[in-house]
Amino acid sequence: MKTVDVSAAAAAEAVPVPARCSKGAWVSTMAQYKTMYDKSIMSPDAFFSEQAKKMLTWMHPYDAVMSGGFAEGDVAWFPGGRLNVSANCLDRHPADRVAIIWEGDEPTDVRHVTYGEALRETCRMANALLAAGVQKGDRVAIYMPMVPEAAYAMLACTRIGAIHSVVFAGFSAEALRARIVDAQCKVVITADQGLRGGKVIPLKATVDEALHHDDCTCVSRVLVHRRTGRPVPMKEHRDEFLDAACGKQRPVCPAVPMDAEEPLFLLYTSGSTGKPKGVMHTTGGYLLWAAMTHHYVFDYRQGDVYACVADIGWVTGHSYIVYGPLANGGTTLMFESLPTYPNASRYWDMVERHKITQFYTAPTAIRALMKAGSEPVKKHDRSSLRVLGSVGEPINPEAWKWYFEEVGDKQCAIVDTFWQTETGGHVLTGLPGCTPMKPGAASLPFFGVQPVVLDPATGAEMSGNGVEGVLAIGRPWPGLARSIYGDHGRYLETYMKPYPHFYFTGDGCRRDEEGYFWITGRVDDVLNVSGHRLGTAEVESALVTHPACVEAAVVGVPHDIKGVGIFAYCILADGYEESAELVGELKGAVRTHIGGIATPEAIVCVPGLPKTRSGKIMRRILRKIACDESDALGDTSTLADPAIVQILIDKVAQAK
Ligand code: PRX
């Protein structure tokens, strides 16, 4: 069994870990990392069994550590073992310790929730779900703002064995409906309204619109948290305020023993087809992965105040706001607002007020804040910070440098964590106490992860360092998603079949001369817009719902804040003329079908698209034209109509 060649890494031109980060760290030297990594690969059963016993509390011991494999998609971690996620995240920690620091939209709106309070509220909500007829295995949709009640809702589901499906509160009614219908959710938990940057988000109204559809008949109960307390329409026999529903319930609810392989949650994410897929995670392996990665990658120590400013609507919020930190008995911050509200100091003001030790965000936020300069950072005391995390997309070296020097005063370790909804938690990352840092590199594998670089054309594994290809993973790790809800075939097709014997990430990657991994971006039709994952086909399907658009093709173009921006080409139906108004309507169609995050930066109306003779759109050409690189189009002779290329070049030039 091969392990990673990291021996040279420490000697590289990399930035050394600040001494204060190594001191007392769980992993404080590269030799220790290497010893642990080698054990995790050579003796995975012993390694993960030890971790599973140390990190989690089991109600019934497991029969084996791991069984199954990629080929059939029958991977099982800790089969036969039973545990409950909410019991691991709440009951076993001291009741008077602060579990959640909630920072609302206004900086003055702060709550400290203890483990005791979180447990009681979770139990009340679990009982309210039982009263609403929710049984083990039923699906519950959560469409909530960033409030502690959202975490209780997730944990309440896990307490009774219900499967939650959190839908990001920025998704439209259409997108919410599609996710509710696909999972056949029985209950929706939402809020009257959300608040973000002083703006009201009409959550309950959006839920009403989603449920209004004829095909959305599965939902029998909507529980509504009062966030703003303003009146919202309530449908008789279906809707109930959460405070009323929970107020009737005892704050005690037995935690149901769940088999380690029973489903824990679904999280819909974009793939290369139009239909988002419900990525399914199971109980034991996922929780261990969230807990272990949170413990080692953020070097979480008791007494630390850890802050991940993502949203629970994404996997980052699941693993690193809720499950990882709470499984470890940590104090986790939940942030309701925006990085720039009321001003560009917000994050650093929070760091100072709450004495945050670990801070985890996305490069897009760093780039947006860089624009405001260093003054908003410098006026706040950030000496509590020890670890700065980055996630969601490659971090460009300028943003890395700013994060390291301006935010961290060169005193913090940066962990650039590469992972995906499907990986459950980090798979490539540095460790803050030991890994020399290379700006922009996702660095090295986490324990138990065996990354491989494959030749995209032949699928052959590229051995040695200094190679570039696509990134795959050679053996199952506990956090691996186990299926796509209701479509195991699609799961196998997407991840396991492209390169047999490997899990395929969909990302390109380079392994440098010293064994460090650098993610070069998606190699499929998935875009990372501001760290949010969107499928080109999804945006195209939204555009063609407008009667004016008969065909659309979407590509990603570099964007200085978002990382990637959406550029759309639309063919108009007969009788429609291109106009600013029509472009506005087409953008509106995307907002309606997906949500504001998917709005194209630019829409250009064109008479045709570059297609091969077999009808396949050549996106490579569209991308080059959109990026003003039409002098590097490459071979266009295989196009059915090569003349279309010049027409598109002229149209895009006109539009710019
Ligand atoms: O392309 C990679 C990028 O985000 C994708 C996964 O998106 P999602 O499932 O929404 O999860 C985002 C949060 C984990 C990956 O396929 N990505 C994520 N983290 C990084 C990254 N690309 C480069 N560097 C990263 N640190």
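Computed from the coordinates by the stated procedures, all read-outs in this text should not be read as laboratory data. This is a predicted model, so every value here is computed, not measured. Here the Cβ is made from the backbone with ideal geometry for all residues, glycine too, and neighbour counts use every protein chain on show.
Panel order for 370, 462, by other beta carbons found within 10 Å of each beta carbon, from fewest to most: 462, 370.
My understanding is that a pair violates if its Cα-Cα distance is over 22 Å; which of 53/438; 23/371; 379/401; 23/410 do that in this structure?
Values: 53/438 34 Å; 23/371 34 Å; 379/401 19 Å; 23/410 16 Å.
Long pairs (Cα-Cα over 22 Å): 53/438; 23/371.
Give the cross-link partners of residue 136 among the aspartates and glutamates, using a straight C-alpha distance below 17 Å as the criterion and excluding same-chain residues fewer than 8 apart. Within the straight-line cut-off, residue 136 pairs with 259, 261, 262. Per-residue ellipticity at 222 nm from helix content only, as computed over the chain with -39500 (n - 2.57) for each DSSP H run of at least four residues, stands at -8000 deg cm²/dmol.
Of all lysines in the structure, those lying under 16 Å Cα to Cα from residue 656, and not within fewer than 8 positions of it along the same chain, are 624. Can you tell me which aspartates and glutamates have their Cα less than 20 Å from the Cα of residue 611? Leave out same-chain residues fewer than eight positions away. Result set, ordered by chain and number: 524, 525, 538, 540, 551, 628, 629, 631, 635, 641, 650.
Dimensions of segment 430-470 from C-alpha coordinates, computed as largest minus smallest value along each principal axis and given longest first, are 38, 23, 14 Å. For residue 551, the residues whose amide H sits under 5 Å from its own are 571, ignoring neighbours fewer than 5 places away on the same chain, with H placed 1.01 Å from N. For the chain, what is the Kirkwood hydrodynamic radius in Å, using each pair of distinct C-alpha atoms? Evaluated on the chain, it is 25.5 Å.
So for 103, 581, fewest C-beta neighbours within 10 Å to most, what's the order? Walk me through the numbers before you get to the answer.
Working: 103 23, 581 9.
In increasing order of surrounding Cβ atoms, one gets 581, 103.
Which of 599, 545 has the fewest other C-beta atoms within 10 Å, and how do the rest follow up to the most?
Fewest-to-most ranking of 599, 545: 545, 599.
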